[in-house]
Amino acid sequence: MTWPWKNRTGKRLLINAALIAVLLAVAVLGYSVSHRQETMAEDAQRAQQLAQAAQQVKFRAADFNGWQTAYALDIIRAVPEAAADNSPSRAKFLDAAAAFDRELSALESLPAPPEAARTVTAVRAAFTDFMALDRKVVKLYRSDGPGDRKAASEFVLGPEIQLYEQITDGCDATVSLSAAAVDDSFTRLESVGADTRRHIIALSVIAAGLALVSVLLAQARQRLVEERARESQRLASLGQLAGGIAHDFNNVLAIILNYTGFVAEKASDETRKDLDHISKAAERAAGLTAQLLSFIRHESIRPEVFDVNAAIAEAHAMLARTLGEHIELVVVPSPAPLKICADAGQIQQILVNLAVNARDAMPDGGTLVITATTVILEENQANVRPPVKAGRYFQLLVTDTGGGMSPETLDRIFEPFFTTKPKGYGTGLGLATVFEIVTAAGGSIDVSSKLGIGTTFRLYFPVADAPPEAVSATLAPSAVPHGSGQSVLIVEDEPALSTSIARILAAGGYQVRSAVNGPDALAAHAYDGCDLLIVDVVMPDMSGPRLAEILHRTHPRLPVLYISGYIDGILGPNRLCTPETDVLEKPFTANQLLIAVSKALAGAPGGITAPA
């Protein structure tokens, strides 16, 4: 008998059989792991849904408690008709209870671990007992008997508080249990990945190089994903840090600008010239801060119709200082004003991103040309992405004389994290950000490049009609609107800035009072009220919007003007303020403040006005 491995043909058959066996094993392993991961991913998704629902129930419980407290205080104070369903406090309490009941029902409908399910059942039982006790309180209070009202007060001070504590404890426990379920799901997913790597390594020993290459490729891809995740986290952290620094720095700039103006009012001509230099330096610093913030904006973009030439001029001034002497920068603005609807800061960000890429493509020097003009595009214009409708467009050309790009690179330049730069010298997000900004503004991009010649980016934006000119913030002092004795309450935790605001408004004809935090403001308003609330958005202990919400419960028509040193972090869905909120960005001048105050008073319900 001749053994297969003793002849060449037999060896090839054995090797081929081994390779086929390994491929089959890899296929079976891949299907098995994929099926396990899909199952675990579904479990993780259900756990996340449970955690989100539990968190929503906890939030509704807090809102329910707030309105129950207001309603209970009316019961304790024996407010007439406090137990009527249409009384302000009880109506809000019933709405909050209904909302809590809906969210709790949604939570109950989701599959949950046994312990979490028991906790949800306990919350439902406590809530049912709470509402039953509330009906008893209402019945006692409506009987009008002195003893019955006293009993109703004792119920809201005793058993109702105990039941709410049970609800709160149950909500907290449900959130913790659901969060633990999410962590457990993702831990099991990670363990599946670890098991997969061990199996692949075992197969690589049997299949030699074939399985080894597969493992190396899998590990390389995993490292790439982890590196991208770390890069995204690092950029997000930098954005948060820059936002916090900008908030504090803009407070300082506001103090410098306002107090410089105060000194200038009484200074000699020579001193006033020196103060003018200080003001211009502070305004330049404010501009640099605004440019920094334009790079970390995400959800709170505020499109507006503006002249593109002005945005290009601002970017030109910054690029001229940063590109370096080896780069010749040529900027050709449009001969006529061009209006588009977009975020001006993002247009500058586009120019900076493209200019930085062009500079890196010309290490030995070259020419960068930025041109603005208008063009007529046809339907389904070739080479533009995404496709655009036929019409008149603003065209922004950015051309460099760098090394150019190959067709393979050109096809991938807008992919997130794709970069041709060495590790540590590029994030791969610059051009992806450009593409996102342009498409979000309803525009399109056309890129052409040749190796050894250079690259041209053609950016197209729909041309917009100019809106009516807004009131300028640099009006002459005699044209700035003044007040006629309206009462203004200022809430600002920076004492020097609060003092400067009060001084400006007092000189502008307003009666001014100041508070350093939310509780002080509530006390001041309760003592004498006000016609307008000016409040910083971000403060210790209580935010500006939270303070306004509390005051609006009893004074819903009170106008509010928010001030903030960092707009991006507070606007948008699930943020402190909405894009329609009146927010005055720091630093601001005296004229800008007076105009904003006049606008807030004029737009208030009831027609409170600030005459010029």
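The values are calculated or read from the model by the stated rules, or taken from the named source; none is laboratory data. Since this is a predicted model, take the numbers as computed values, not measurements. All Cβ positions, glycine included, derive from the backbone under ideal geometry; neighbour counts span all protein chains shown. We work out accessible area using only protein heavy atoms, side chains counted, and drop any ligands, DNA or RNA first. Shrake-Rupley method; radii C 1.70, N 1.55, O 1.52, S 1.80 Å.
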Partner lysines whose C-alpha sits under 26 Å from that of residue 389, ignoring same-chain residues fewer than 8 away, are 339
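Protein chains only, probe 1.4 Å: how do 530, 341 rank by accessible area, largest first?
On the way: 530 25, 341 65 Å².
Largest to smallest exposure gives the sequence 341, 530.
Taking only the alpha-carbon atoms of the range 337-401, what semi-axes of the equivalent ellipsoid follow from 5 times the gyration tensor eigenvalues under a square root, in whole Å, largest first? Could the numbers behind the result be given before it?
Working: eigenvalues 127, 46, 24 Å².
Working through the eigenvalues yields semi-axes of 25, 15, 11 Å.
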Expected field for residue 60, accessible surface area in Å² at 1.4 Å probe radius, rounded to 10, holds 70 Å²
Label model pair residue 582, residue 280: point-to-point distance (7 angstrom along the Cα→beta-carbon line) in nm is 3.4 nm
For the range 72-174, dividing by residue count, accessible area per residue (probe 1.4 Å) in Å² works out to 52 Å²
A 1.4 Å probe over the protein heavy atoms gives the range 69-156 a carbon and sulfur accessible-area percentage of 58 percent
Between residue 453 and residue 95, the FRET efficiency computed from the C-beta separation at R0 = 41 Å comes out, to the nearest 0.05, as 0.05
Residue 397 and residue 409 label points (each 7 Å along its Cα→Cβ direction) are spaced in nm at 2.2 nm
Probe 1.4 Å, all chains present, heavy atoms only: residue 187 accessible area in Å², nearest 10, is 80 Å²
Subtracting the Cα-Cα distance of residue 373 and residue 270 from 0.36 nm times their residue separation yields 32.6 nm
Looking only at lysines whose Cα falls under 30 Å of residue 58's and that sit 8 or more positions away or on another chain, we get 92, 136, 139
For the pair residue 24 and residue 125, the simple spin-label estimate (label points 7 Å beyond Cα toward Cβ) gives in nm 5.7 nm
Any aspartates and glutamates whose Cα falls less than 18 Å from that of residue 150, other than same-chain ones fewer than 8 residues away, would be 74, 81, 134, 160
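For the range 364-461, give the percent of accessible area contributed by carbon and sulfur heavy atoms, probe 1.4 Å, rounded to a whole number.
On the way: 2600 of 5030 Å².
Taking all protein chains in place, the range 364-461 shows 52 percent carbon and sulfur surface.
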Quick calc, residue 390 & residue 328: beta-carbon distance into FRET formula, R0 45 Å, rounding 0.05, result 0.80
